[in-house]
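> Take a look at the following structure, please.
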Amino acid sequence: MPPTPTPSKEGVRGVAQRLRGQQLEALTRVALMEQRVKELQRQKKELRIEMEVEVALLRGELAGERVAARREEEQLRALLEQQVDTEQGSREQREQGLLGPGLPLFPKW
């Protein structure tokens with residue numbers, strides 16, 4: 001059986017140096033990924049805050065629109081009630097003859 005080759009001292013040093021380089025490279029990549037994750041978390045937090053502000057603004061706007069709609073609805077009801085009262089008063093006056101005779105349907109010749 002032939003003897004197994006033993007790496008020379010330079011070979012072991014070279015392998016160790018190469019492994020240290022790979023380790024440093026891997027640690028650098030991990031650090032960069034951690035920074036990227038932190039940046040993404042920061043952006044997520046900022047976007048959540050922006051979204052909450054936007055939701056609050058929209059809720060305030062909606063509340064204002066609801067108040068305006070209720071006000072308009074009340075005005076329409078009041079106008080409708082006024083119209084009904086006016087029509088009823090006119091009808092009562094015609095019935096009582098206070099407005100005078102209406103125009104005849106067929107003229108008398």
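Matching residues to (1) touching a Leu at 6+ places or on another chain (Cβ under 6 Å); (2) modelled with pLDDT of 95 or more; (3) part of a helix (DSSP H, G or I); (4) not acidic (Asp, Glu):
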residue	(1), (2), (3), (4)
17	no, no, yes, yes
29	no, yes, yes, yes
34	no, yes, yes, no
37	no, yes, yes, yes
59	no, yes, yes, yes
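> Pick out the one residue from 75, 88, 83, 23 that is at pLDDT 95 or above and either more than 37 Å from the chain's Cα centre (by Cα) or loosely packed, with under 10 Cβ neighbours inside 10 Å (or both).
23
The values are calculated or read from the model by the stated rules, or taken from the named source; none is laboratory data. Everything quoted here is computed from the prediction, not taken from an experiment. Every residue, glycine among them, receives a Cβ derived from its backbone with ideal geometry; neighbour counts consider all protein chains shown.
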